[in-house]
Amino acid sequence: MSMLRRLFLHPSFSSALAILFISATSARAQVVIKVNDDVNFKLGVLGQFQADWLGDPTADDTMQNLFIRRIRLLFGGQVAKNVTFFVETDAPNLGKTLANGKNISPSVAVQDAYGEFKARDAFALDAGLMFVPFSRNSIQSAATLLPIDYGANTFNSTAPTQSTVGRDAGFQAKGYLLGNHLEYRVGAFQGARDARSHRSFRYAGRVQYEFLESEGTGFFYTGTYFGTKKVLAVAAAFDTQSDYHAYDADVFADHPLGPGAVTAQLAYNRFDGDTTFLTLPRQNDVLLEVGYFVRQLKLTPVLQFTNRSIVNTDVGDQKQWSLGVNYWWAGHNANVKTAYSRIDPRGLAKQNEFTIQLQLFYF
């Protein structure tokens, strides 16, 4: 009997294969290493590979890049009954030419790192590095976005608050009521710190009501459901630290319609850095996303529009719109997105951009 045959017939090896097969099957396309009923470990990966052409008005030429927009390793699981964790790394814009040159060997960043104790659907406590509970767009998973990327102004408060792409370290209470149709999130976060960390903490909260079907109790919002759910979610949120204040109101809809499904998102954000963050002027920002999924063709034409309006001045005002088509070869797991964008800053030269993105995702 060959060594390979003996290995496959060995009882411990056969048992291990059976456990892995059963875990993957029961998780419905989720790779799970199951230790017991209370302990398991999940693995995942996200890769977004882009080709991008952006007009350079200063040189009357085109900036061209072939790069990896996001490359992430995802880890999650459960360490005890009702106690879960999630960790995600990222090396963004790998290979892209940035202000300091070609970004060919960036450091790997910890994007998310939090644990959760869930007493029941009505109350859970999150702790660690996580999305601050503000706009829906800012809490959406990058792997399930409708367009190629987030809105241009979604993370405008990130730099002033010393955050990392909408994420901050802190604690958050989260829960779901009324048959999981009413969701709340409220938390205290580090925010911007001075040299001796004397500043007050940053506080944020969000309430969302889902009129049709519940979206479930996951941490991240989904950008499009391809009509598999009937969703109408309305929400409001706040974010504050010292004299800095921000407010959000947003609406999200995803619903079967004709031979496919429509997805739409509308958000209004008000940022005011006041004397706390002088680099964040008072502004009103709008985001609109609309797409129609043609089920038979696996195609979605997508429109995204953003507008930033600085209060009491035109300096810094900017409109941006993009029109593209997505091919959902395997839904969110494998797809190709294209978009033509027009960037229109008031008083400055306009820019045209064309982007193609290939996404591979599994978690």
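One table, with the values for the structure above:
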quantity: Estimated inter-spin distance, Val234 and Phe171, nm [label 7 Å along Cα→Cβ]; calculated: 3.3 nm
quantity: Accessible area of region 79-152 divided out per residue, in Å², using a probe of 1.4 angstrom; calculated: 41 Å²
quantity: Expected 222 nm ellipticity per residue - DSSP helices of 4 or more, -39500 (n - 2.57), all of the chain, to 500; calculated: -2000 deg cm²/dmol
quantity: Computed accessible area, Val39, all protein chains, 1.4 angstrom probe, square angstrom; calculated: 40 Å²
quantity: Unit charges at the beta carbon, dipole of the chain: most positive-side option, Tyr327, Ala159, Phe252; calculated: Tyr327
quantity: Estimated inter-spin distance, Arg282 and Asn333, nm [label 7 Å along Cα→Cβ]; calculated: 5.1 nm
quantity: Computed magnitude of the charge dipole of region 188-322 (debye, nearest 20; Cβ of K, R +1, Cβ of D, E -1); calculated: 300 debye
quantity: Principal-axis tilt of helix 11-26 within the chain, Cα atoms, nearest 10 degrees; calculated: 40 degrees
quantity: Alpha carbon convex hull of region 52-113, volume per residue in cubic angstrom; calculated: 100 Å³
quantity: Accessible solvent surface per residue of region 217-260, calculated while the other protein chains remain in place, 1.4 angstrom probe, Å²; calculated: 39 Å²
quantity: Within the chain: Cβ-based charge dipole about Cα centre, in debye rounded to nearest 20 (Lys, Arg +1; Asp, Glu -1); calculated: 1040 debye
quantity: Option label - P(r) over Cα pairs in 10 Å bins from 0, in percent computed here, alternatives (1) 5, 20, 27, 22, 14, 8, 3, 1, 0, 0; (2) 5, 25, 36, 25, 8, 0; (3) 5, 20, 31, 27, 11, 4, 1, 0, 0; calculated: (3)
quantity: Compactness of region 256-320 - radius of gyration and Dmax, Cα, Å; calculated: 17.1, 54
quantity: Set of aspartates and glutamates with alpha-carbon distance to Lys337 below 16 Å, sequence-local pairs under 8 removed; calculated: Asp52, Asp149, Glu289, Glu353
quantity: Val294 accessible area, assembled protein chains, probe 1.4 Å, Å²; calculated: 40 Å²
quantity: Dipole in debye (nearest 20) - region 56-97, about Cα centre, beta carbon charges: Lys, Arg +1; Asp, Glu -1; calculated: 440 debye
quantity: Computed label-point distance, nm, for sites Asp121 and Val294 using a 7 Å Cα→Cβ extension; calculated: 3.8 nm
quantity: Cross-link partners of Lys34 among lysines (Cα-Cα below 17 Å; sequence separation of 8 or more within a chain); calculated: Lys42, Lys81
quantity: Label zone at Ser107 (point 7 Å along Cα-to-Cβ), backbone N below 19 Å, region 113-135; calculated: 113, 129-130
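The values are calculated or read from the model by the stated rules, or taken from the named source; none is laboratory data. All values reported here derive from a predicted model rather than from experimental measurement. Neighbour counts are summed over all protein chains in view; Cβ atoms, including those assigned to glycine, are modelled from backbone coordinates with ideal geometry. Areas reflect the complete protein model, heavy atoms only, side chains present, ligands, DNA and RNA absent. Shrake-Rupley method; radii C 1.70, N 1.55, O 1.52, S 1.80 Å.
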